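Take a look at the structure below.
The values are calculated or read from the model by the stated rules, or taken from the named source; none is laboratory data. The model shown is predicted, which means the values in this text are computed figures rather than measured ones. With ideal geometry, Cβ positions are generated from the backbone for all residues, glycine too; neighbour counts draw on all protein chains shown. To get the accessible areas, we keep the full protein, side chains included, count just its heavy atoms, and leave off ligands, DNA and RNA. Shrake-Rupley method; radii C 1.70, N 1.55, O 1.52, S 1.80 Å.
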Amino acid sequence: MRSALLLVVLALLMALQSPIFGLLGVRASLLDLPLIATLYLAGTSRALRGFVASAIVGLVADAFTPGGLLGMNTEIHGILFLLALGLAARFPLTRPVPLVLVTAVSSSLKTLLFYLFSILFDRAFEPRVEVLLWGLPTCLVTAVLAPLLFLPFAGIDRLVQGRRPSETMLR
Amino acid sequence: MMDWLARHRFPAVVITLLILPLGLMYVSGRRDSSTTLPERVAMSVAGWLQGVVGGALGGVSGAATDYVALVGLHEENVRLRAENERLMAEALEAKRLAVENQGLRRLMEMRQSRRDLDLVPATVVARELTPFFRVGRLSVESDGAPPQADQAVVTLAGLVGRVVRATGATADVMLLGDTRSRVACEVLGRGVLGMMVGSGNPDAYLARFQVSQTEPLLEKGAVIVTSGHDRVFPRGIEVGYVPRPEERRQAGPFVEYDVVLAVNPASLQDVLVVRGMASPMRPSGNP
């Protein structure tokens, strides 16, 4: 129930992202909402349930990413969940500073994985090093805004379970 | 077996869910294949949601603007200022409709002027959500056959890109700026043939025009149009122009020029999809 709600909210946010950023005159690709959802799941869910939900988060991201290879985000988000799960055991992701750092690391890894999988599976992909730089603005903006972007997902937890995973977040 | 699975449930699920997407990527990466069933399902659901949410957001933002304006009016003369605001809103709405009509009329003009092409109107419902691709999503207002992969997308200003994936009335369009984009082109009036390759640069809508070293140097402002040799893009559609030929560079066996593209996708709302050639003298259908 909780995971399903998280996924519905993520899908709605992603559907809103393109028109809202268009109205603001900002590139929609600056914000990586699926990554935030995966990190939130890693910080607040049990391993098995969180992993499955993260894979579905990746599938949602694939559906909303025109031009990408179906399955790429599914794979990447599964891997990122495992990484974030390990990091969450050492750094509390409900605190802003660790969250920003973990988001930056995860976003950079996501760019590298995209590059690697594109070389392996996308016949039309042209491997150029500058591609790695294109992910940098997204990495920075998503990392800085991560504590705020956690709030919609924390709101769902509050709604469904009465939990407050983000109560320490903005201290 | 069940006992083993129960004990190793987590690694079993992890391995399964990490292997399955690899298979999906392999199938999806074969660009010569048609759109697969999982791709069609994903595109249909996401495209529908993006269309609905985009439309609803437009309505809500309009209503919110009106509401904020009305609250301000109560501070002074309510009736007169409301009347004034209403007239102003009507004037703005009329202006907006005039601009929209102008855009649609221009598309219609293009449809009339290129009678050799079978064109169908489409609306942009979403733009790229990743920094790595320059791909948009269209909702095609088709009264006949649905859009298909490898159909060209154009506006009056020039070429936009090509359909890479389609299902129902929804189509993903790879823009000319995408690194994977290739278009057979020629220099207008010079007959110099070459290949337009997307730069992928997210901050500028640029492409690279590659020509043979044996070709004469291009002059500033040289206009690049489609040559039709790739049998995807009809001949004679404007692609862009060469702003600084002196900054050309060597790229393998080619000389490469930067090209400013004719169509800026950031402001695109309405486009035309080329379903094929209307003239019986020209080849029809998709390559």
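Tabulated results
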read-out	value
Among (1) open to solvent by less than 40 Å² (accessible area, probe 1.4 Å); (2) in contact (Cβ under 8 Å) with a residue 40 or more places away in the chain; (3) within 12 Å of chain B (Cβ to nearest Cβ); (4) not acidic (Asp, Glu), the one test that A:Arg49 misses	(1)
Subset of the range A:1-16 [in contact (Cβ under 8 Å) with a residue 40 or more places away in the chain and not charged (D, E, K, R)]	A:Met1, A:Ser3, A:Leu5, A:Leu6, A:Leu7, A:Val9, A:Leu10, A:Ala11, A:Leu13, A:Met14, A:Ala15
Qualifying positions in the range B:187-216 - part of a strand (DSSP E or B), closer than 12 Å to B:Val259 by Cβ and not hydrophobic (A, V, I, L, M, F, W, C)	B:Gly194, B:Gly198, B:Arg208, B:Gln210
A:Leu83 being hydrophobic (A, V, I, L, M, F, W, C), more than 9 Å from every other protein chain (Cβ to nearest Cβ), under 19 Å from B:Thr16 (Cα atoms) and surrounded by fewer than 22 Cβ atoms within 10 Å (Cβ to Cβ)	yes
The listed residue being assigned by TED's automatic domain parsing to the domain that holds B:Val153 and over 30 Å from B:Asp118 (Cα atoms), out of B:Pro234, B:Pro245	B:Pro245
Residues that are among the small types (Gly, Ala, Ser), over 30 Å from B:Leu138 (Cβ atoms) and open to solvent by less than 60 Å² (accessible area, probe 1.4 Å), drawn from the range B:2-23	B:Ala12
The range B:151-166 residues that are open to solvent by less than 10 Å² (accessible area, probe 1.4 Å), paired with ones that are of a type in the set (Asp, Glu) and assigned to a strand (DSSP E or B) (beta carbon under 8 Å, 6 or more apart)	B:Gly158/B:Glu238; B:Leu159/B:Glu238; B:Val163/B:Asp172
Of residues in the range A:65-80 being closer than 17 Å to A:Leu6 by Cβ and either small (Gly, Ala, Ser) or open to solvent by less than 10 Å² (accessible area, probe 1.4 Å) (or both), the one farthest from the other protein chains (Cβ to nearest Cβ)	A:Leu80
So B:Met110, is it out of contact with any strand residue (DSSP E or B) (no Cβ under 7 Å at 6 or more places or on another chain) and either hydrophobic (A, V, I, L, M, F, W, C) or at pLDDT 75 or above (or both)	no
Positions within the range B:190-211 being more than 14 Å from chain A (Cβ to nearest Cβ) and open to solvent by less than 10 Å² (accessible area, probe 1.4 Å), in sequence order	B:Val192, B:Phe209, B:Val211
Filter result (open to solvent by 10 Å² or more (accessible area, probe 1.4 Å) and not hydrophobic (A, V, I, L, M, F, W, C)) within the range A:52-64	A:Asp62
Qualifying position, being part of a strand (DSSP E or B), at pLDDT 80 or above, in contact with a His (Cβ under 8 Å, 6 or more places away or on another chain) and not β-branched (Val, Ile, Thr), among B:Ala184, B:Ala122	B:Ala184
Criterion: closer than 30 Å to A:Leu24 by Cβ, free of Cβ contacts under 8 Å to residues at least 12 places away in the same chain, within 14 Å of chain A (Cβ to nearest Cβ) and not in a strand (DSSP E or B) - qualifying residue of B:Thr130, B:Thr179	B:Thr130
Verdict on A:Ser29 being assigned to a helix (DSSP H, G or I), in contact with a strand residue (DSSP E or B) (Cβ under 9 Å, 6 or more places away or on another chain), among the polar types (S, T, N, Q) and modelled with pLDDT under 85	no
A:Arg27 being basic (Lys, Arg), within 30 Å of B:Val163 (Cα to Cα) and surrounded by fewer than 24 Cβ atoms within 10 Å (Cβ to Cβ)	yes
Of all residues making up the range B:24-44, the number that are part of a helix (DSSP H, G or I), at the interface with chain A (Cβ under 7 Å from one of its Cβ atoms) and surrounded by fewer than 16 Cβ atoms within 10 Å (Cβ to Cβ)	1
The range A:105-129 - residue that is within 11 Å of another protein chain (Cβ to nearest Cβ) and hydroxyl-bearing (Ser, Thr, Tyr) and, of those, most open to solvent (accessible area, probe 1.4 Å)	A:Tyr115
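Here's the yes/no breakdown for (1) surrounded by fewer than 19 Cβ atoms within 10 Å (Cβ to Cβ); (2) touching a residue at least 40 places away in the same chain (Cβ under 8 Å):
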site	(1), (2)
B:Gln213	yes, yes
B:Ile224	no, no
B:Ser227	no, yes
B:Asp230	yes, yes
B:Ile237	no, yes
B:Gly240	no, yes
B:Gln250	yes, no
